[in-house]
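The values are calculated or read from the model by the stated rules, or taken from the named source; none is laboratory data. All values reported here derive from a predicted model rather than from experimental measurement. Neighbour counts are summed over all protein chains in view; Cβ atoms, including those assigned to glycine, are modelled from backbone coordinates with ideal geometry. The protein model used for the area step is the full one, side chains on, heavy atoms only, and it has no ligands, DNA or RNA in it. Shrake-Rupley method; radii C 1.70, N 1.55, O 1.52, S 1.80 Å.
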Amino acid sequence: MVGIARARGCGTCRKRKIACGLERPSCAQCIKSNRTCTGYRKYPIFIAHQPPKGEDSTRPGHGESTLDSTIHTHDSQRTPVDFNGLTSSSSSNGNHLDPVQSIIRLGAQVNANPALRQRLLGQYLDNHLSKNRLGPMQQRVWLIQIPKLPDLTPALEVSMMALAVAKLGEVYSDEGLIHESLKLYREALHEVQLALWDRDLMLHDQTLTACVALGMYEMSQCPNQSKHGYISHTLGCQKLIQLRGAEAHMDGLGHSVFVHFRIQGILYSLDLGEPSFLGEPLWQEVPWRVRPKTPYDRIYDFLTCAPDLRRQGEMLEHMDPLGKLQLATEMIRKCWKLDAELQSVYDCLEKSHDGPLYWPELARDKSLDLCSNDGMLFPVAFHFPDLSIANTIIIYWGVQAMLWQGLWLLYGVMTELQMNFAEAGAFAQGDADSGSRSLTNTVDNIFHFPPLEHRADFAAPCRNILQSVEYSLQGDMLDQGPKCVAAPLRMAIETMVPFPQYRREVAWGERAVKKVQERSLRLLIYYTPRR
């Protein structure tokens, strides 16, 4: 195809036969000369395409939506990037997208072509969200609401384009598209900064949404090859949410984005070991006045308690025996209360769903076992009705593993204290002073705690999480499946890693993490857990 040079200036500048600055919506030349800028001409855009054999290339609609470029595959066949419906080729293993190499400056095309932006957004959603596997959570995913918005602010529009172009670069193994997405990302950072300086836009739902979208870009791409960019976005979103106030997140896009970010904020505070404002009663209640919490939301409420419990556990090492005994007793009671509430959430979910919440199937993926002579570590994999149920059950197991391990450790502390007090004669009969009698009564309280029973096997829910990896990494889960299991997988590994008897499970889990990070979660490469 022969390229045709076209004047890109506005209609007024072309009529005057002068150079146009191409500014939008009105160019600088027209503003300076006090003329009406008549806008820019929309040209048809073509790419080269060779239809498959037996296909009628003249059929209606063929090649209607295309890019101003020629896209070549790595082999002799030439396949276009058609953003109305990306072409795919079939193989014996199923459908897969052909890798392509971009030779265009897509950033300029995106900014100049609203129709292209809409198609890119649609293709991003098709390659990011497995809508037929989401289940009820589809109603709460903020990304699905974006195409329905009548107007997008520049900050949100460019942020979404950065995400979309980066995703298509991954799908097509196209470094050119990845490079263009980075340009869009930098432009989006500038637009977000402008929005935060604008009184009318600073607290707008779409400004917060743009910030969250840029955090997602950092999570998937890590352009600086570190987690610092993601952390910076997380801290910025936290401050913006607090400035907006809890009432601004009760409904609409603001609520959906808050629910999405809340998960990231809770996990970040858990990693730091510091309490978050998200655990305060105001933020636990007000955003759900219009839309009630789901079991998934309620399970994450339990994780807001984890930093305080961890801090108290670290204090035990530096306390005198009596103080240690009192604090450990309080912690055990709190853990038992949390365990009962957690089980109540699971029971409610079970009653509200027809059929089993999960079931075992023979595992098919043997790649994580490294041809072990001992056979597959997990010959059975767990499957779920949809990703909504999977999300809830897998994080439920993660919280359960942490809680049961905490109880097991606290019971160990109490047993050790009881033995130490017995050796020191704290339980001796006779003329014991009032302090010793009080201490004796306090120590006797240990016998009022119920036995741990199955909770002593805190590795059981960890294994359940590992057995859910195969389901989450199925190809048609796209990006949502890996994200479903990423955080619980780290919880399981960190729960078992201090214990040598679980080294095989830990090694299996680490290999699973590497597979997860290959699915748009590059952040995991740079994640260093705080033991």
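Which entries of 167/351; 334/514; 183/483; 148/515; 148/239 show an alpha-carbon separation above 29 angstrom in the structure shown? Write out the running numbers ahead of the final one.
Details: 167/351 38 Å; 334/514 36 Å; 183/483 26 Å; 148/515 34 Å; 148/239 27 Å.
Among 167/351; 334/514; 183/483; 148/515; 148/239, the Cα-Cα distance tops 29 Å for 167/351; 334/514; 148/515.
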How far is the Cα center of the stretch 146-208 from the Cα center of the stretch 470-531, in Å?
-> 28 Å
One finds, for residue 289 and residue 365 with R0 = 51 angstrom and r their Cβ-Cβ distance, a FRET efficiency to the nearest 0.05 of 0.70
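Sorting check: for 412-423, 326-337, which peptide has the highest mean count of neighbouring beta carbons within 10 Å, and how do the rest follow?
Working: 412-423: 14.5, 326-337: 16.5.
For the peptides 412-423, 326-337, the packing ranking is 326-337, 412-423.
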Could you size up the charge dipole of the stretch 102-292 around its Cα centre, putting +1 on the beta carbon of Lys and Arg and -1 on that of Asp and Glu, and report it in debye to the nearest 20?
-> 340 debye
Ignoring ligands, DNA and RNA, what accessible area per residue does the stretch 102-292 give at 1.4 Å, in Å²?
-> 42 Å²
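Which of the trypsin sites (Lys or Arg not before Pro) across the stretch 257-301 are loop residues per DSSP, with 16 or fewer other Cβ within 10 Å? Don't skip to the end; give the middle numbers.
Details: sites: 262, 289, 293, 298; in loops: 289, 293.
Those satisfying the criteria are 289, 293.
Subtracting the Cα-Cα distance from 0.36 nm times the residue separation, let me have the gained length for residue 280 to residue 139 in nm, one decimal. All intermediate terms of the calculation are to be shown ahead of the outcome.
Values: separation 141, 0.36 × 141 = 50.76 nm, distance 2.61 nm.
Stretched fully, the residue 280-residue 139 segment lengthens by 48.1 nm.
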Theoretical FRET efficiency, 1/(1+(r/R0)^6), r = Cβ-Cβ of residue 347 and residue 511, R0 30 Å, to 0.05 = 0.30
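Taking the Cβ-Cβ separation of residue 310 and residue 22 as r and a Förster radius of 41 Å, what is the calculated FRET efficiency to the nearest 0.05?
Numbers: r = 56 Å, r/R0 = 1.36.
Taking R0 as 41 Å, the efficiency between residue 310 and residue 22 is 0.15.
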Of the accessible area of the stretch 102-292, with the probe set at 1.4 angstrom, what percent is carbon plus sulfur?
-> 53 percent
Note down the accessible area of residue 296, probe 1.4 Å, to the nearest 10 Å².
-> 50 Å²
Each label sits 7 Å from Cα toward the beta-carbon; between residue 38 and residue 340 the label points are separated, in nm, by 7.9 nm
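Rounded to the nearest whole Å³, what is the per residue volume of the convex hull around the Cα atoms of the stretch 102-292? Can you show the working numbers first?
Working: hull volume 24.3 nm³, N = 191.
Taking the convex hull of the Cα positions in the stretch 102-292, it is 127 Å³ per residue.
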Hypothetical label at residue 149: residues of the stretch 166-181 whose amide nitrogen lies under 20 Å (7 Å Cα-Cβ projection) | 166-168, 181
Scan around residue 10 for amide H atoms under 5 Å from its own, H built in the peptide plane at 1.01 Å from N, and keep only partners 5 or more places away or cross-chain.
-> 22
In terms of modelled amide H atoms, which long-range or inter-chain residues lie less than 5 Å from the amide H of residue 383?
-> 359, 361
What's the percent breakdown of Cα-Cα distances in the stretch 154-223 across 10 Å bins, shortest bin first?
-> 24, 50, 20, 5, 0
